[in-house]
Amino acid sequence: MNQAYEQYTQADHRMWKQLFERQMEQLPTIASRAYLDGIDKVRFVADHIPHFERETNPALRALTGWEVYVVPGLIPHREFYTHLYNRQFPATSWLRKPEQIDYLEEPDMFHDTFGHVPLLSNQAFCDFMAHLSEVALKHIDQEEILQRISRLYWYTVEFGLIRENSALKIYGGGIISSSGESRYCLGRDVPKIDFDLSLVLDTPYHIDRYQDHYFVIQSYDQLYESVTGIEPLLEAYLAQQA
Ligand SMILES: [Fe+2]
């Protein structure tokens with residue numbers, strides 16, 4: 001499947017620009033340095049929808065060896081993790097309409113690309129996702145294990161926070177692409193929990209409202225190193241269930 005770039009209308013490019021500029025009004029002070037630097041590195045700009053084959057992928061391949069891979073929408077676990085394992089980040093190519101600006105039933109390309117792709121310029125973060133997908137593929141027929149891996153993905157890639165120079169910053173794409181949750185999640189009354197792999201694997205999540213709490217990593221290296229220790233935790237969990 002390809003992006004069918006010529007099919008984007010002027011209204012689509014304007015929608016991208018509006019979303020991009022709205023987020024860039026707030027992200028410079030609240031998003032992770034690696035994410036912010038990544039925007040330029042992957043050549044995202046406000047005035048047009050990124051062209052994956054011409055702009056995004058040549059840049060990404062040179063940076064970390066990853067690429068954006070167009071998919072029609074949500075895809076089955078096996079397919080999803082196989083793409084990640086092959087350093088392909090699955091992304092849709094359709095963009096929300098003005099009436100959907102703040103609410104979507106399924107992620108669109110603004111979420112998938114603006115939210116996630118700039119951080120694919122960071123090697124430790126990429127290595128984390130590659131290792132997580134390798135473990136997921138090993139357990140692809142074990143629903144309970146996959147659910148635990150999904151929690152890890154959810155509380156990091158989608159809704160993760162990071163501490164940088166003692167300030168909390170956003171790196172999860174689910175937050176970064178959401179105007180409301182970008183403001184909400186850093187609120188003083190919203191619980192923040194130091195990242196602990198075992199606790200994350202045990203913590204369910206919901207998909208239909210802002211998160212009740214957010215997990216905070218110290219660095220992307222910490223994230224990568226944590227996932228290299230996931231197998232014994234999953235085995236211990238399986239042994240407990242047996
Ligand atoms: Fe996402």
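Our estimate of slack between ARG54 and ASP202, defined as 0.36 nm per intervening residue step minus the Cα-Cα distance, is 49.1 nm.
Sequence-ordered 3J(HN,Hα) estimates for segment 167-176 from the Karplus curve with 6.51, -1.76 and 1.60 and θ = phi - 60° stand at 10, 7, 10, 9, 10, x, x, x, 7, 4 Hz, glycine and proline given as x.
For segment 137-242, run through the trypsin sites (Lys or Arg not before Pro) and keep only the ones in DSSP coil with at most 16 other Cβ atoms within 10 Å of their Cβ. Walk me through the intermediate numbers first.
Working: sites: LYS138, ARG148, ARG151, ARG163, LYS169, ARG183, ARG188, LYS192, ARG209; in loops: ARG188, ARG209.
Sparse-neighbourhood loop trypsin sites (Lys or Arg not before Pro): ARG188, ARG209.
Taking amide H atoms as placed 1.01 Å from N in the peptide plane, the amide H of ILE193 lies under 5 Å from those of TYR214, PHE215, VAL216, each 5 or more residues away in sequence or on another chain. Per residue, the accessible area of the chain comes to 47 Å², computed with a 1.4 Å probe over protein heavy atoms only. Per the Debye calculation on segment 5-241 with a single equal scatterer at every Cα and no solvent contribution, log₁₀ I(q)/I(0) for q = 0.11, 0.13, 0.17 Å⁻¹ amounts to -0.54, -0.76, -1.35. Beta-bridge orientation, the chain: approximately 30 percent antiparallel, per DSSP, counting only bridges with both partners inside. When the chain is described by a simple charge dipole with +1 on each Lys and Arg Cβ and -1 on each Asp and Glu Cβ, the residue from TRP16, ALA239, ILE175 located farthest towards its positive end is TRP16. For segment 1-64 versus segment 159-183, the inter-centroid distance based on Cα atoms is 18 Å. In order along segment 147-162, the phi-based Karplus estimate (6.51 cos²θ - 1.76 cosθ + 1.60, θ = phi - 60°) of 3J(HN,Hα) comes to 4, 5, 5, 4, 5, 4, 4, 4, 7, 10, 4, 8, 10, x, 10, 9 Hz; Gly and Pro are listed as x.
Let me know the charge dipole size of segment 88-186 about its Cα centre in debye, to the nearest 20, where only the beta-carbon of Lys, Arg (+1) and Asp, Glu (-1) is charged.
Working: 8 positive and 14 negative charges, 77 e Å.
Rounded to the nearest 20 debye, it is 380 debye.
Put simply, the Cα atoms of segment 1-86 extend 37, 32, 24 Å along their principal axes, the longest span coming first.
For TYR69, nonlocal amide neighbours, meaning residues 5 or more places apart or on other chains whose placed amide H falls under 5 Å from its own, are PHE89, ALA91. Among the GluC sites (Glu not before Pro) in segment 1-109, those placed in a DSSP loop whose Cβ has at most 10 other Cβ atoms within 10 Å are GLU105. With springs only between Cα atoms under 10 Å, which of PRO76, PRO58, PRO191 fluctuates most in a Gaussian network model of the chain? Looking only at PRO76, PRO58, PRO191, the largest GNM fluctuation is found for PRO76.
The 3J(HN,Hα) values that the Karplus relation (6.51, -1.76, 1.60; θ = phi - 60°) gives for segment 225-242 are, in residue order, 5, 4, 6, 5, x, 7, 4, x, 5, 5, 5, 4, 4, 5, 5, 5, 6, 5 Hz. Gly and Pro appear as x.
Taking the Cα-to-Cβ direction at THR228 and at LEU63 and moving 7 Å from each Cα, how far apart do the two end points lie in nm? Between THR228 and LEU63, the label points sit 2.3 nm apart. Put a plus charge on the Cβ of each Lys and Arg, a minus charge on the Cβ of each Asp and Glu, and nothing anywhere else: the dipole of the chain about its Cα centre is then about 520 debye. Straightening the chain between ALA46 and GLN10 buys 11.6 nm, computed as 0.36 nm per residue apart minus the Cα-Cα spacing. Kirkwood analysis of segment 132-242, using all unique Cα-Cα pairs, places the hydrodynamic radius at 14.6 Å. If R0 is taken as 25 Å, the Cβ-Cβ distance between LEU238 and ILE193 corresponds to a FRET efficiency of 0.50.
Could you check how much of the accessible area of segment 5-241 is carbon and sulfur, as a whole percent, using a 1.4 Å probe? Could you put the intermediate results ahead of the total?
Numbers: 5350 of 11000 Å².
Carbon-and-sulfur percentage of accessible area, whole number: 49.
The values are calculated or read from the model by the stated rules, or taken from the named source; none is laboratory data. As the structure is a prediction and not an experimental result, all values here were calculated from the model. Please note: Cβ atoms are built from the backbone with ideal geometry, for glycine as well, and neighbour counts cover all protein chains shown. Side chains are part of the model used for accessible areas, which takes the heavy atoms of the whole protein and leaves out ligands, DNA and RNA. Shrake-Rupley method; radii C 1.70, N 1.55, O 1.52, S 1.80 Å.
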